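The values are calculated or read from the model by the stated rules, or taken from the named source; none is laboratory data. These figures come from a predicted structure and were not determined experimentally. Every residue, glycine among them, receives a Cβ derived from its backbone with ideal geometry; neighbour counts consider all protein chains shown.
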Amino acid sequence: MSFLQLNDLAKHFGDFTAVDGLSLSVEKGEFLSLLGPSGCGKTTTLQMVAGFVEPSRGRIVCDGKDITQLRPEKRGMGVVFQSYALFPHMTVADNLGFGLEMRGVPRAERKRRVGETLDLVRLTGLGDRYPKALSGGQRQRVALARALAIRPEVLLLDEPMSNLDAKLREEMHIELRAIQRQLGITTILVTHDQVEAMTMSDRVAVMYGGRIVQLDTPFEAYERPQSAFASTFLGRTNTVPGTVVKANGRCCEVDLAGVRMNVPHLGKSYDGKVDIYLRPERIRVVEPGSGIAGQVANRVFLGNHWMLEVDSVLGRLRVSQPNGGTVPPAEGTAVGLTWADDDVRLLHTEAPHGR
Ligand code: ATP
């Protein structure tokens, strides 16, 4: 049995359904992210796991025990919020020791654990500082340390890095992941940042409208999205509408604005209106006359890669090219575009996403 199980969890606020029958199993030591746009129910789900929000329906089971009705402080979970919520009038050490004191841990043991946890998050020697005398990154680590000091069975993180600048956030992703692995602590992270989710997670639960629409490893979710929403939410992609002309053993022949293309159907059956999805990094720019004809409309340098927008019979396509030390064709230049059949994904056309 999985360590943490959410069974058919739902939360209604009046007539509004924030979480809509969500089931999820998290393994011991796993790092799982709830990833989705604002309002899709991530925080509400996490708050139900933490015990701060009472579910309208469903059960939460942790380590074989039904904890659905258990008070938050009895659940043995460490929680870190976006706002850190450190106690400003307490030193770092007192912030960390607070939860331990509440749990009746004796003073000497408290001191030892606070020191140990500060070492873990690389804040050794800063125990006497007050939060206002710390940088954003250091405060974030104190918040993490405070959650870890109680040695929780489960760590719940709600957008804990959204107040940090991009570089610091990237560093924290790696650091947090290393700490999580070292402690083997079962972790759920709430984020709308797909890079954050992909960098740290064993699995990603992509959420939309109060439900999980895909649960996979980051690689699988990116490579084989199962819905238009997952395709466009995880990384950038080109979407081109088309019509299935015929299907054979491995591929569908799809008509895209008069261009016929063979697209692998991965064993599913497709007919009628479809959308094909093509990642910008899978498109290659070649000499005009080869592949699909196009003209460069925009060219942007992004350091490690170039982003081109190319007008073609399939519409405006985004093309990402790694920076290999040469400058790609300028705006206005005629080019050809090619890709491998296997790089194209196919899904039935869906209604536009509402909420
Ligand atoms: P964000 O990334 O913006 O935090 P989220 O995916 O975490 O979004 P939730 O905070 O779980 O989303 O909210 C889901 C929906 O439930 C939202 O539409 C929100 O307005 C609504 N909601 C959350 N809490 C309440 C509440 N106490 N009363 C009424 N509606 C609420």
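Can you find a residue that is more than 22 Å from the chain's Cα centre (by Cα) and closer than 17 Å to residue 344 by Cβ anywhere in segment 217-239?
no
Restricting attention to segment 320-339, which residues are small (Gly, Ala, Ser) and surrounded by 12 or more Cβ atoms within 10 Å (Cβ to Cβ)? Don't jump to the end; show me each part of the working.
Taking segment 320-339 and keeping what is small (Gly, Ala, Ser), we get 320, 324-325, 330, 332, 334, 336.
Those that are small (Gly, Ala, Ser) and surrounded by 12 or more Cβ atoms within 10 Å (Cβ to Cβ): 320, 334, 336.
Among the residues of segment 1-21 satisfying the criterion of being away from the ligand (no atom under 16 Å from the Cβ) and part of a loop (DSSP other than H, G, I, E, B), which is surrounded by the most Cβ atoms within 10 Å (Cβ to Cβ)?
3
Which of the residues spanning segment 170-197 are within 16 Å of the ligand (Cβ to nearest atom), touching an Asp or Glu at 6+ places or on another chain (Cβ under 9 Å) and not aliphatic (A, V, I, L, M)?
191, 192, 193, 196
So which residues in segment 182-207 are in contact with a Phe, Trp or Tyr (Cβ under 8 Å, 6 or more places away or on another chain) and at pLDDT below 95, if there are any at all?
194, 198, 200
Please give the helices (runs of 4 or more DSSP H) falling wholly within segment 28-138 in which 2 or more residues are loosely packed, with under 15 Cβ neighbours inside 10 Å and either at pLDDT 95 or above or acidic (Asp, Glu) (or both).
By residue number, 107-120.
Condition check ((1) within 28 Å of the chain's Cα centre (by Cα); (2) among the small types (Gly, Ala, Ser); (3) within 16 Å of the ligand (Cβ to nearest atom)) across all residues:
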{"site": "297", "(1), (2), (3)": "no, yes, no"}
{"site": "332", "(1), (2), (3)": "no, yes, no"}
{"site": "338", "(1), (2), (3)": "no, no, no"}
{"site": "348", "(1), (2), (3)": "yes, no, no"}
